[in-house]
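Read the structure below first, then the notes.
The values are calculated or read from the model by the stated rules, or taken from the named source; none is laboratory data. Because the structure is a prediction, the values reported are computed rather than measured. As a convention, Cβ positions derive from the backbone with ideal geometry for all residues, glycine included, and neighbour counts pool all protein chains shown.
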Amino acid sequence: IILLFAGCKSSKESVVSATLMIPKSNFTALELQTWYQKDYLTDSIPGISLDKWFKQNKKKSGREVIVAVIDTQVDINHEDLKDQFWTNQKEIPNNNIDDDNNGYVDDIHGWNFTSNKKGDYITWGNFESVRFIRQWDPLFKEKKEEQIKPEDIANYKEYQRAVKVNDKENIYYNRWLSGLNHSVSIFPLVKDTLKHFFPKEDYTYKQLDSLYKKHKLNDKTYRQRRESDDRDLGALIFYMMINMEDNESTLEALKGSQAELDSIVNKNLNKNFNDRIIIGDNPDVLEKGYGSGNVSITKKGLKNIQGHATKVTGIIAANRQNAIGVNGVAPNVKIMPLNISYSGDENDKDIAMAIYYAVDNGAKVINMSFGKEFSVHQQWVSDAFKYAEKHDVLLVHGSGNERFNVDENPYYPSDNSFDETPEVSANFINVGSTSARLDKTFVSAFSNYGKKNVDLFAPGEQIYTTTLGNTYKSDSGTSLAAPIVSGTAALIWSFYPNLTAIEIKQIIIDSGTTYNIEVTTPGTKDKLIAFSELSKSGKVLNVYNAMKLAEQRSKQKR
């Protein structure tokens with residue numbers, strides 16, 4: 001039995017209701033696809049009460065709101081999204097002229113900051129820790145703190161943190177790659193050996209496990225076996241069992257994983273790898289115009305990186321009127337795709353320039369479902385935040401999936417400089433992730449949290465949304481919680497345009513649902529903590545309450 005308080009505050013009144021209910025635990029297939037849109041009081045599912053609001057407001061229609069999605073490239077032709085993208089009416093397509101003089105040539109639907117005019121684009125980029133080390137190596141390498149000038153101490157400490165993270169990641173990924181290299185080389189022997197027991201090669205994991213135990217084989221760890229050259233029968237069976245667990249039961253799958261790990265080691269983690277050669281710009285200078293207007297490139301031979309933004313876009317704006325696929329949080333939304341993400345960490349230059357572009361071209365909400373532990377040019381991003389605040393634009397960010405406390409572990413982009421100074425801006429919402437389970441696992445095990453630097457939570461686990469090639473799948477991450485909040489902000493602005501970005505942020509936070517339960521602290525085995533202690537508000541997004549409170553606040557301003 002869960003004690004729940006659903007609050008809706010205004011400047012004149014505070015309404016609090018309490019109820020005892022048993023949360024739903026068995027879901028139908030349809031409920032699993034739509035759980036996050038449900039209402040706890042009505043459906044016994046801890047969703048955002050979106051369906052409840054739409055059922056009571058079927059005849060209402062709002063004005064159009066532009067939401068910028070700063071993310072990967074996007075599947076712009078998806079059946080449930082193709083009519084939902086912003087079009088720059090001031091630009092004439094494909095004439096190679098900057099018709100609207102905004103600094104970007106042929107920016108019809110947005111801008112790709114990670115490509116060139118030929119259609120090539122970044123697929124692998126450095127981790128930000130690598131960029132930070134490269135930036136400060138000339139000044140700090142092999143130096144002790146007493147040798148550093150007082151004004152450089154903060155950067156020196158961050159450099160030392162980056163070196164530690166980089167060393168740890170190098171060990172981890174090189175060891176993993178070594179194991180995969182060995183698995184690829186030994187795979188033919190594994191297959192041939194298993195043919196002796198299974199001539200048709202139709203074995204299952206359970207059958208291999210039984211064979212492994214039958215021969216009373218030594219239970220060595222997976223890594224030990226992969227990194228050694230152990231070729232006894234037990235090792236060979238164990239290789240295939242692990243491969244099947246990792247969906248690598250074919251040589252092709254193994255080689256695919258090997259190629260991915262090789263790129264992580266030799267590109268993501270390589271100080272000498274220049275990920276900006278394709279673009280041809282200088283990443284240390286802010287400028288307009290680099291990149292291309294193609295936000296959905298399909299080029300043979302290049303890795304497809306449209307998947308992430310396609311999921312995010314569907315949550316915000318999938319067509320609610322076409323009776324197919326999924327329903328986005330908000331109607332009357334046009335998505336402005338701004339591509340900055342790839343396999344690696346986003347570049348601060350691209351983040352800042354994408355925010356400036358979004359603000360200058362009419363976006364009211366900016367969704368940022370990405371993050372990193374370091375920031376080489378944090379001031380650039382902070383200045384862009386302030387620019388968005390000055391122009392009344394709301395920023396929504398996923399808190400990250402590292403399972404740590406972002407009050408103690410820096411995570412960027414952020415409105416916090418992590419140096420005890422006041423927040424950079426007041427228009428930034430940081431969002432953690434919850435599940436459909438109203439028990440100690442209510443907060444997603446992967447979600448970052450923070451009493452100071454996470455504003456509230458929203459559903460982000462097993463969210464059914466649009467995926468590449470007119471398909472639909474469920475996925476999890478704070479990347480999916482953030483667009484639920486972005487869609488809500490757009491919905492509020494659509495009906496109550498006289499509200500400001502800061503007012504909408506406060507409405508979203510004030511109107512959330514408080515669940516009086518203890519949950520497992522992410523990143524711990526089973527350390528329980530009050531849910532209210534994991535974010536600034538201690539609440540979960542509630543669209544129904546938010547729209548009611550927005551209506552009150554809007555009327556007060558008239």
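Just one of the numbered conditions (1) touching a Lys or Arg at 6+ places or on another chain (Cβ under 9 Å); (2) of a type outside the set (Lys, Arg); (3) assigned by TED's automatic domain parsing to the domain that holds VAL376 is not true of PHE273: (3). Would you confirm, using the coordinates I've provided, whether TYR472 is surrounded by fewer than 23 Cβ atoms within 10 Å (Cβ to Cβ), in the same structural domain as THR421 (by TED's automatic domain parsing) and free of Cβ contacts under 8 Å to residues at least 60 places away in the same chain? No, not satisfied. Looking at GLY328, is it surrounded by 21 or more Cβ atoms within 10 Å (Cβ to Cβ) and in contact with a Phe, Trp or Tyr (Cβ under 9 Å, 6 or more places away or on another chain)? The answer is no for GLY328. Note on region 51-107: residues that are among the aliphatic types (A, V, I, L, M) and assigned to a strand (DSSP E or B) total 6. Taken over region 232-258, the residue count meeting the criterion of being of a type in the set (S, T, N, Q), under 13 Å from HIS182 (Cβ atoms) and without any contact (Cβ under 8 Å) to a residue 40 or more places away in the chain is 0. Just a yes or no: is a residue in region 465-475 at positive phi and of a type in the set (Gly, Ala, Ser)? Yes: region 465-475 contains one or more residues that are at positive phi and of a type in the set (Gly, Ala, Ser). Among the residues of region 536-558, the ones that are surrounded by fewer than 24 Cβ atoms within 10 Å (Cβ to Cβ) and within 23 Å of GLU518 (Cα to Cα) come to 3 in all.
When you look at GLN552, is it under 27 Å from ILE66 (Cα atoms), free of Cβ contacts under 8 Å to residues at least 40 places away in the same chain and in the same structural domain as TRP35 (by TED's automatic domain parsing), yes or no? It is false that GLN552 is under 27 Å from ILE66 (Cα atoms), free of Cβ contacts under 8 Å to residues at least 40 places away in the same chain and in the same structural domain as TRP35 (by TED's automatic domain parsing). Could you list, in sequence order, the residues of region 280-292 that are modelled with pLDDT under 95 and within 24 Å of the chain's Cα centre (by Cα)? Matches in region 280-292: PRO283 only.
Contact map, region 280-305: first residue part of a loop (DSSP other than H, G, I, E, B), second residue at pLDDT below 95 and loosely packed, with under 15 Cβ neighbours inside 10 Å, Cβ cut-off under 6 Å, separation 6 or more or different chains; pairs are ILE297/GLY119; LYS299/GLY119. Here region 430-453 is the region considered, the condition is being of a type in the set (A, V, I, L, M) and out of contact with any Leu (no Cβ under 7 Å at 6 or more places or on another chain), and the residue that is farthest from SER44 (Cα to Cα) is ALA445. A residue that is under 30 Å from THR313 (Cα atoms), modelled with pLDDT of 95 or more and surrounded by 21 or more Cβ atoms within 10 Å (Cβ to Cβ) occurs nowhere in region 132-148. Being assigned to a loop (DSSP other than H, G, I, E, B), within 30 Å of SER44 (Cα to Cα) and either in contact with an Asp or Glu (Cβ under 9 Å, 6 or more places away or on another chain) or not assigned by TED's automatic domain parsing to the domain that holds THR313 (or both), is that true of even one residue in region 360-380? The answer is yes, given that some residue of region 360-380 is assigned to a loop (DSSP other than H, G, I, E, B), within 30 Å of SER44 (Cα to Cα) and either in contact with an Asp or Glu (Cβ under 9 Å, 6 or more places away or on another chain) or not assigned by TED's automatic domain parsing to the domain that holds THR313 (or both).
Figure legend. Inter-residue proximity from region 401-414: first residues buried (at least 18 other Cβ atoms within 10 Å of the Cβ) and in a loop (DSSP other than H, G, I, E, B), second residues modelled with pLDDT under 95 and among the hydrophobic types (A, V, I, L, M, F, W, C), beta-carbon distance below 8 Å, spacing 6+ or different chains. Indicated pairs: PRO410/PHE418; SER414/VAL424. Being buried (at least 24 other Cβ atoms within 10 Å of the Cβ) and either more than 16 Å from ILE366 (Cβ to Cβ) or not assigned by TED's automatic domain parsing to the domain that holds PRO483 (or both) is a property that THR421 lacks.
Residue-by-condition table, conditions (1) in a helix (DSSP H, G or I); (2) more than 30 Å from ALA259 (Cα to Cα):
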{"site": "HIS109", "(1), (2)": "no, yes"}
{"site": "ASP137", "(1), (2)": "yes, no"}
{"site": "ILE153", "(1), (2)": "yes, yes"}
{"site": "TYR156", "(1), (2)": "yes, yes"}
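Return yes or no: is GLY119 of a type in the set (Gly, Ala, Ser), surrounded by fewer than 18 Cβ atoms within 10 Å (Cβ to Cβ) and either over 30 Å from MET240 (Cα atoms) or out of contact with any helix residue (DSSP H, G or I) (no Cβ under 6 Å at 6 or more places or on another chain) (or both)?
When the stated conditions are applied, GLY119 passes them.
Of everything in region 111-121, what is part of a loop (DSSP other than H, G, I, E, B) and in contact with a strand residue (DSSP E or B) (Cβ under 7 Å, 6 or more places away or on another chain)? Give them in sequence order. Listed by number, the residues that qualify are PHE113, THR114, ASN116, LYS117. Might you let me know whether region 222-238 holds any residue that is modelled with pLDDT under 95, in contact with a Leu (Cβ under 9 Å, 6 or more places away or on another chain), surrounded by 14 or more Cβ atoms within 10 Å (Cβ to Cβ) and among the aromatic types (Phe, Trp, Tyr)? The answer is yes; a qualifying residue exists. Of the residues making up region 100-110, none is among the aromatic types (Phe, Trp, Tyr), buried (at least 18 other Cβ atoms within 10 Å of the Cβ), at negative phi and not assigned by TED's automatic domain parsing to the domain that holds GLY314.
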